[in-house]
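The values are calculated or read from the model by the stated rules, or taken from the named source; none is laboratory data. Fair warning: this is a prediction, and the values are worked out from it, not measured in the lab. Reconstructed Cβ throughout: ideal geometry from the backbone, glycine too, with neighbour counts over all protein chains shown.
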Amino acid sequence: MRTCRISVEHGFKMVTSLFAHLKYVPAQKVFKTPVANQYIVCTALTNIHNCLHPNQVAQHYGMQPMSVEEYCAMYAQ
């Protein structure tokens, strides 16, 4: 479980490092800010960022990321 947890935490770190406002607690007000929607959008934008600039994990394993068009086509269906 430890390795799974660490890889999931790395995913959270990527999102929050690109979009620091998600960590800013005073701005996240219950019933006033759509926190879940913000996180979903920021996660999608992080994935697009990883398509354009492969992250260290993809580089370590020699994986080619999808193109942005392929990634967006997954959600168009």
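When G11 is tested against the conditions (1) touching a residue at least 24 places away in the same chain (Cβ under 8 Å); (2) within 20 Å of Y75 (Cβ to Cβ), the lone failure is (1).
Of the helices (runs of 4 or more DSSP H) lying entirely inside the chain, those containing at least 1 residues that are surrounded by 13 or more Cβ atoms within 10 Å (Cβ to Cβ) and under 11 Å from the mean Cα position of the chain (by Cα) span 2-18, 35-52. The set of residues from region 29-65 being in contact with a Phe, Trp or Tyr (Cβ under 7 Å, 6 or more places away or on another chain) and among the β-branched types (V, I, T) comprises just one member, I48. When both residues are 6+ apart or on different chains and their Cβ atoms are under 7 Å apart, which pairs have a first residue that lies in region 42-63 and is at pLDDT 90 or above, and a second that is surrounded by 14 or more Cβ atoms within 10 Å (Cβ to Cβ) and of a type in the set (F, W, Y)? Hits for this filter: C42/F19; N47/Y71; I48/Y71; C51/Y71.
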